[in-house]
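To keep things clear, I will list the structure first and then write my remarks on it.
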């Protein structure tokens, strides 16, 4: 697999910021947190469907990055790829623990009531989250990483520790399953055939 210039630059940048953090540069930690934490949070929120749980996972994932920083080998993976893998594992653990204990996690709530468009967006979000929750965990992760986080198949393959071809198949099956789950709700969610 060939690493494109953008991926190499990001990897080098992340590795340099981690080295600066290890050397005591607090600004480097802030820069890396500012760049990575929102993506980690978004992924966790989609996986868990719960803002508070997603915040906890984000904090734990970032803490693990800071602990790993002194031993970081930037040649092995980008910090963002490593964080997505850690986040996916933490989310899977929480989902399994909640399933095993019978605990239910509340849906993400829209904090501010607003005009019709805001309500429509909330309904679409809820419908998408409910459909995502019905997918098998690996399909859900692949779909979220590809279609909601915008990652490429090679990066997803690295995160999920599988071949690119398997990622392509997994995302295709997940997308097809989502379409089937949401098919009967087009009109209700404000989508037309136009």
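Readers should treat all values here as calculations from the given coordinates under stated rules, not as data from a laboratory. Because the structure is predicted, anything quoted here is derived from the model rather than measured. Cβ sites come from the backbone with ideal geometry, for glycine too, and all protein chains shown count toward neighbours.
General remarks:
- Label-to-label distance, nm, for residues given as residue 98 and residue 25 (7 Å Cα→Cβ offset): 3.8
- Estimated FRET transfer efficiency (residue 148, residue 56; beta-carbon r; R0 25 Å; 0.05): 0.80
- Segment 118-164: mean projected area of Cα convex hull, nm²: 3.4
- Listed peptides 30-38, 138-146, 43-51 appear in the order 138-146, 43-51, 30-38 once ranked by packing, highest mean of other Cβ atoms within 10 Å at the front.
- Scaling against 2.2 N^0.38 Å puts the C-alpha radius of gyration of segment 11-86 at 1.07.
- Ordering 55-66, 89-100, 168-179 by mean Cβ neighbour count within 10 Å, with the highest value first, yields 55-66, 168-179, 89-100.
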